[in-house]
Amino acid sequence: MQADAWNILATYDLKGGAVRRSRLAEPTELIRVCPATGYVYTVTPKFPGSAGSTVEYTPDIVFRRHIKQWIGATLSARCTYVASEYSFHGPLPWIIYRVSDGTRLFSYPALDDGKDTYYPVQWNPKFDSLLLRGFVAASGRIALEVFDVSTGHVLLTVKGAEPNQATWSHDGSSLVVADGGSLVRYSIPDPR
């Protein structure tokens with residue numbers, strides 16, 4: 001344990017019940033997993049006083065590489081895109097990257113009272129380019145948006161919805177939002 005970060009990761013084998021400890025290449029507070037490959041990423045967000053870092057490991061926690069092209073956080077379903085952290089001991093500016101080459105697709109300011117801003121909520125489980133993002137207007141108005149990072153277009157806006165009121169359907173074809181005493185299903189246009 002180093003300050004708030006740690007450099008040993010323990011994994012539990014559900015079949016055998018054994019605990020395996022692996023030394024990490026550098027201390028971290030955040031761990032993310034690519035749903036498509038099982039690769040594990042330790043992340044230190046970029047913030048004042050820290051350049052940030054992302055380290056990639058195999059599913060068995062064997063070091064693969066230090067990633068230089070992007071600072072990871074939330075990976076899309078097939079890990080084509082990654083959104084950096086928007087909050088880490090306070091609000092942070094955040095970026096959406098294309099993983100293959102580190103291209104910065106979109107950059108956003110930190111959540112800040114008095115300014116219109118966005119924050120990432122959840123990637124679609126099927127359509128790799130669709131990100132559910134929250135919107136907070138300077139006036140206090142809120143909304144959730146289905147944003148296609150491959151085109152830069154908003155496919156759906158649900159005004160007044162909070163992130164804890166919404167989730168993707170299991171197949172990613174719709175957004176399900178709690179509205180009072182009922183659930184409302186919004187069909188998502190196929191982004192292809």
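No lab work stands behind these numbers, since they all come straight from the coordinates. None of these values were measured; they are calculated from a predicted model. Every residue, glycine among them, receives a Cβ derived from its backbone with ideal geometry; neighbour counts consider all protein chains shown.
Taking only the C-alpha atoms, wrap a convex hull around the range 111-192 and report its volume per residue in Å³ as a whole number.
87
5 Å is the cut-off here: which amide hydrogens, built 1.01 Å from N in the peptide plane, fall below it relative to residue 122, excluding neighbours closer than 5 in sequence?
Here 132 satisfy the definition.
Could you give the dipole magnitude of the chain about its Cα centre, charging the beta-carbon of Lys and Arg +1 and that of Asp and Glu -1, in debye to the nearest 20?
Using Cβ point charges on Lys, Arg, Asp and Glu, the chain gives about 460 debye.
Would you mind computing Rg(Cα) / (2.2 N^0.38 Å) for the range 1-143, counting N as its residues?
Cα Rg divided by the expected 2.2 N^0.38 Å: 1.13.
If you build the Cα gyration tensor of the range 76-135 and take the root of 5 times each eigenvalue, what three semi-axes come out, in whole angstrom, biggest first?
21, 13, 9
Volume per residue, Å³, of the convex hull around the alpha-carbon atoms of the range 40-97?
In the range 40-97, the Cα convex hull volume per residue is 88 Å³.
Where does the charge balance sit around residue 94 when Lys and Arg score +1, Asp and Glu -1, over other residues with C-beta under 12 Å from its C-beta?
+2
Given H placed 1.01 Å from N in the peptide plane, which residues other than close sequence neighbours of residue 39 have an amide H under 5 Å from its amide H?
Those lying under 5 Å, H to H, from residue 39 are 34.
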